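Let me begin by presenting the structure, written as structure tokens, before commenting on it.
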Amino acid sequence: VTNPAAITLVEQVAFESTDPTGDVTVWGSNWKRSIVATEKRLYIGGHADVDLNSPVAPDEGIIDVLDISDPNGRLKIGARIIVGGAILSRWQVDEWQGVLRVVSQRGVGRAVNGFGPPEVDTFQVDSALAIRPIGHLTMNLGHPEGLRAVRFDGTRAYAITYATPQRTDPLFVIDLTNPAAPRQRGELI
């Protein structure tokens, strides 16, 4: 976009997926990919390949990493990160001070309350190719609820869920001060 009158394609990368797209009754089922950008990387999250005959996939979420640091716009394919649940929005993923933080939930794109509670995963990011897991937290919600939104703010994450049939939207606070040991700190119902 150096010259807005003559925009040119420098490079492109395509990612294939067999995620379910025919069922629009479940929240988020038609979203294929979400993108989070930093100065050096793109995190492209979505559904892993899902077996529609299986009610629960062991790991449903993928995040493909692209190195975008080349000043000429060349892309380098990096790591593929696997997480418990699908990445249905860019707000579920954040890189801060060399740590990738992800909040996901198995089945949340396929069932209203998902299949189990949301999970928080943290990863040390040394480069687009060198990303390793460092922490994990399975959230305690008290009863089945579906993950709806996440926002990150420094050392905290805020997750909103929706509970049916209770019809409540609780807000959960996640402490990420120590990325190797994420902790659930508070809840507002």
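The values are calculated or read from the model by the stated rules, or taken from the named source; none is laboratory data. Not measured: the values here are computed from a predicted model. Using ideal geometry, Cβ is built from the backbone for each residue, glycine included, and neighbour counts are taken over all protein chains shown. Ligands, DNA and RNA are stripped out before the accessible areas are found, and what is left, the full protein with its side chains, is counted by its heavy atoms. Shrake-Rupley method; radii C 1.70, N 1.55, O 1.52, S 1.80 Å.
For the reader, a short list of remarks on this structure follows.
- Test: residue in the range 106-114 that is under 15 Å from the mean Cα position of the chain (by Cα), at pLDDT 95 or above and surrounded by 21 or more Cβ atoms within 10 Å (Cβ to Cβ): no
- Verdict on W96 being among the aromatic types (F, W, Y) and under 12 Å from the mean Cα position of the chain (by Cα): no
- Subset tally (residues that are outside any loop (DSSP other than H, G, I, E, B) and crowded, with 18+ Cβ neighbours inside 10 Å) for the range 117-128: 6
- Hits in the range 139-170 (condition: open to solvent by 10 Å² or more (accessible area, probe 1.4 Å) and under 15 Å from the mean Cα position of the chain (by Cα)): R148, A149, R151, F152, Y158, I160
- Test result for A180, open to solvent by 10 Å² or more (accessible area, probe 1.4 Å), at pLDDT 95 or above and under 20 Å from R41 (Cβ atoms): no
- Pairs with Cβ under 8 Å, 6+ apart, first in the range 173-189 and acidic (D, E), second open to solvent by less than 40 Å² (accessible area, probe 1.4 Å): D175/P182; E187/P170; E187/F172; E187/V173
- Residue count for the range 131-179 satisfying the condition of being hydroxyl-bearing (S, T, Y), in a strand (DSSP E or B) and within 16 Å of G107 (Cα to Cα): 3.
- Some residue of the range 85-98 being more than 30 Å from L9 (Cα to Cα), modelled with pLDDT of 95 or more and surrounded by 16 or more Cβ atoms within 10 Å (Cβ to Cβ): no
- Counting only residues that are of a type outside the set (G, A, S) and in a loop (DSSP other than H, G, I, E, B), the range 68-116 holds 16 of them.
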